[in-house]
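The values are calculated or read from the model by the stated rules, or taken from the named source; none is laboratory data. All values derive from a computational prediction rather than experimental measurement. Methodologically, a virtual Cβ is constructed for each residue, glycine included, from the backbone with ideal geometry; neighbour enumeration extends over all protein chains shown.
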Amino acid sequence: MNNTITTRNPYTEKSIQTYKLQNKEQIEDVLKTAEKAFSNWKKTSIKERTTLLKKLAEQLVDKREDLSTLMTAEMGKPITQSRAEIDKCVWLCDFYAKNADNFLSDAIIDTEAQESFISYDPIGGVLAVMPWNYPFWQVFRFAIPTLTAGNIGILKHATNVTGCALAIQNLFESAGYPKGCFQTIIADHSLTETVLEHPFIQAVSVTGSEKAGKSIAAIAGKNLKKAVLELGGNNACIVWNDADLATHIPTMVQARFQNTGQSCIAAKRFIVEEGIYDDFLDRFKKEVEALKIGNPQEEETFMASMARTDLAKELKKQVDDSVKKGATVVLGNTLSKTNYAPTILTDVTEEMPVFKEETFGPVAAIVKAKNKKHSLELANNSRFGLGAMLFTEDLDAAREAIDQIEDGAFFVNEMVKSDPRLPFGGTKSSGYGRELSQEGILAFVNKKTVYIK
């Protein structure tokens with residue numbers, strides 16, 4: 001087995017750095033360090049932890065350009081979007097710095113006791129298995145609430161963003177977090193089970209593919225460890241006849257093509273009522289054709305290469321298989337190494353891969369709906385349930401549709417996005433559990449009942 005990994009720039013195809021994988025003994029040392037750190041960290045006050053959050057935010061601001069450049073080099077994110085990702089991590093730190101004390105305060109319950117309440121206690125070590133597409137944000141939205149609740153974080157990041165993983169650990173340490181509070185392991189996926197089975201690790205948070213989530217959830221279940229899973233998505237963008245296209249088409253294009261389409265919550269299936277279909281398609285195509293594609297290090301670039309060649313090839317196969325079933329390529333479907341052109345497909349039906357599967361790249365599948373009822377039926381016809389968006393001027397009708405949408409999020413006249421103030425997570429094959437908001441900080445705590453008489 002190869003005991004090293006080499007990160008590569010997907011745009012230039014040049015090697016960035018080679019790292020040595022850790023073995024079982026080295027990972028055991030990481031876990032021992034984490035366990036030792038927890039014995040003191042769990043006793044710290046919320047005020048101490050939120051003070052460190054503020055220092056962490058300062059580190060992010062100070063190192064913003066270097067971190068953004070690293071992110072862009074490792075996974076090809078356009079530089080302006082990399083900076084926005086760092087800024088969002090700062091916002092996250094600020095949110096929990098302001099709200100953690102309230103979120104973790106004892107919940108008083110009126111009973112016959114002299115005193116009864118719920119105490120929110122840390123549980124210990126929490127493993128995070130994270131993806132490459134938002135290499136800082138995905139980790140921070142796990143780590144910030146988890147550590148602020150008094151737990152210890154162990155990160156197993158995607159290997160192609162190993163530099164980002166180590167940079168995150170350095171950020172926590174530079175901010176003054178005690179040694180062992182947050183550590184990165186660089187290891188083969190085969191060792192994930194070893195980590196999760198360790199007695200100190202009490203839970204796991206996974207953001208990634210449906211396949212990865214099922215595998216890790218099975219290990220967690222076998223070992224009675226809690227899991228929060230944020231997995232794939234096949235989000236519907238529903239467009240009703242009364243939608244304000246002049247206002248919202250840019251948002252819809254952003255929802256599909258930001259991060260070169262490599263997002264679990266991206267709009268993937270555009271379900272458009274037939275009365276507005278032609279106008280939508282014309283405006284949508286023009287907006288996509290205007291996107292600036294090129295070097296991700298250049299300021300004006302909106303879309304760049306995909307993160308890996310194998311992912312680009314897999315995406316093209318999904319499109320080609322759908323074309324064989326009758327889909328029409330209106331734009332794109334050309335591939336050169338990691339560069340996959342923004343693609344629009346029409347005549348999409350429910351049995352095609354681009355309708356049934358997650359397309360993790362810049363492909364928009366356009367589906368014609370007969371009416372509002374049909375549009376909602378099409379939206380729900382998915383084994384995924386991460387989020388749905390609806391564009392309409394009839395907000396009363398939109399509110400009536402809330403309980404008909406089966407996903408974990410429903411956004412009206414806006415793209416689905418994660419927000420520190422709101423719980424984030426899915427249903428069905430998109431996983432279970434919630435991140436962010438108060439839900440996120442209470443995801444990995446012991447909700448202890450205290451009764452004093």
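Here are the numbers:
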quantity: Tabulated pairs, the range 39-55, first surrounded by 16 or more Cβ atoms within 10 Å (Cβ to Cβ), second in a helix (DSSP H, G or I) and among the hydroxyl-bearing types (S, T, Y), C-beta under 8 angstrom, 6+ apart or interchain; calculated: I46/T148; R49/T148; T50/Y96; T50/T148; L53/Y96; L53/T148
quantity: Extreme residue, surrounded by the most Cβ atoms within 10 Å (Cβ to Cβ), among residues of the range 325-345 that are touching a residue at least 60 places away in the same chain (Cβ under 8 Å) and not in a strand (DSSP E or B); calculated: P342
quantity: Checklist (1) without any contact (Cβ under 8 Å) to a residue 60 or more places away in the chain; (2) part of a helix (DSSP H, G or I); (3) under 25 Å from L390 (Cβ atoms); (4) of a type outside the set (A, V, I, L, M, F, W, C) applied to G275, failing item; calculated: (2)
quantity: Options E85, E112; residue that is within 25 Å of the chain's Cα centre (by Cα) and over 27 Å from T4 (Cα atoms); calculated: E85
quantity: Residue count for the range 147-167, restricted to those that are closer than 18 Å to V195 by Cα and within 16 Å of the chain's Cα centre (by Cα); calculated: 5
quantity: The listed residue being within 29 Å of Y11 (Cα to Cα) and of a type in the set (S, T, N, Q), out of T349, T359; calculated: T359
quantity: Residues satisfying the stated conditions in the range 248-285, i.e. closer than 11 Å to K368 by Cα and either modelled with pLDDT under 95 or not aromatic (F, W, Y) (or both); calculated: R269, I271, V272, E273, E274, G275, I276, D278, L281
quantity: Within the range 102-113, tally of residues that are of a type outside the set (D, E, K, R) and either in contact with a Leu (Cβ under 9 Å, 6 or more places away or on another chain) or part of a loop (DSSP other than H, G, I, E, B) (or both); calculated: 6
quantity: Sole exception among (1) in contact (Cβ under 8 Å) with a residue 12 or more places away in the chain; (2) part of a loop (DSSP other than H, G, I, E, B); (3) within 30 Å of N170 (Cβ to Cβ) for P199, by number; calculated: (1)
quantity: Selection count where residues are in contact with a helix residue (DSSP H, G or I) (Cβ under 8 Å, 6 or more places away or on another chain) and either within 20 Å of Y134 (Cβ to Cβ) or not assigned by TED's automatic domain parsing to the domain that holds A34 (or both), scope the range 193-226; calculated: 5
quantity: Condition check for E439: out of contact with any helix residue (DSSP H, G or I) (no Cβ under 6 Å at 6 or more places or on another chain) and either free of Cβ contacts under 8 Å to residues at least 40 places away in the same chain or aromatic (F, W, Y) (or both); calculated: yes
quantity: Those residues of the range 403-435 which are of a type in the set (A, V, I, L, M) and either in contact with a Gly (Cβ under 6 Å, 6 or more places away or on another chain) or in contact (Cβ under 8 Å) with a residue 60 or more places away in the chain (or both), in sequence order; calculated: A409, M415, V416
quantity: Selection from the range 65-88 of residues that are within 15 Å of A165 (Cα to Cα) and not polar (S, T, N, Q); calculated: D66, L67, L70, M71, A73, E74, M75, E85, I86
quantity: Qualifying strands (runs of 3 or more DSSP E) (wholly inside the range 380-453; at least 1 residues being surrounded by fewer than 18 Cβ atoms within 10 Å (Cβ to Cβ), outside the structural domain of A246 (by TED's automatic domain parsing) and among the basic types (K, R)); calculated: 445-452
quantity: Hits in the range 75-122 - residues which are surrounded by 14 or more Cβ atoms within 10 Å (Cβ to Cβ) and of a type in the set (S, T, Y); calculated: T80, S82, Y96, S116, S119, Y120
quantity: From A212, A217, residue being part of a helix (DSSP H, G or I), surrounded by fewer than 20 Cβ atoms within 10 Å (Cβ to Cβ) and in contact with a Gly (Cβ under 9 Å, 6 or more places away or on another chain); calculated: A217
quantity: Residues of the range 7-49 classified as farther than 25 Å from V126 by Cβ and outside any strand (DSSP E or B), total; calculated: 6
quantity: Selection status of V348, in a helix (DSSP H, G or I) and in contact (Cβ under 8 Å) with a residue 12 or more places away in the chain; calculated: no
quantity: One residue from V204, V195 being touching a Ser or Thr at 6+ places or on another chain (Cβ under 9 Å), surrounded by 23 or more Cβ atoms within 10 Å (Cβ to Cβ) and of a type in the set (V, I, T); calculated: V204
quantity: Cβ-Cβ under 6 Å pairs, at least 6 apart or on other chains, the range 63-74 side farther than 15 Å from Q169 by Cα and modelled with pLDDT of 95 or more, far side small (G, A, S) and surrounded by fewer than 16 Cβ atoms within 10 Å (Cβ to Cβ); calculated: none
quantity: Residue satisfying all of: in the range 351-379; part of a strand (DSSP E or B) and of a type outside the set (V, I, T); farthest from D310 (Cα to Cα) among these; calculated: A369
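Each row is one residue, and each column tells you yes or no for (1) in contact with an Asp or Glu (Cβ under 7 Å, 6 or more places away or on another chain); (2) assigned by TED's automatic domain parsing to the domain that holds V126; (3) under 24 Å from E400 (Cβ atoms); (4) not in a loop (DSSP other than H, G, I, E, B).
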residue: M252; (1), (2), (3), (4): no, no, yes, yes
residue: F257; (1), (2), (3), (4): no, no, no, yes
residue: E287; (1), (2), (3), (4): no, no, no, yes
residue: P296; (1), (2), (3), (4): no, no, no, no
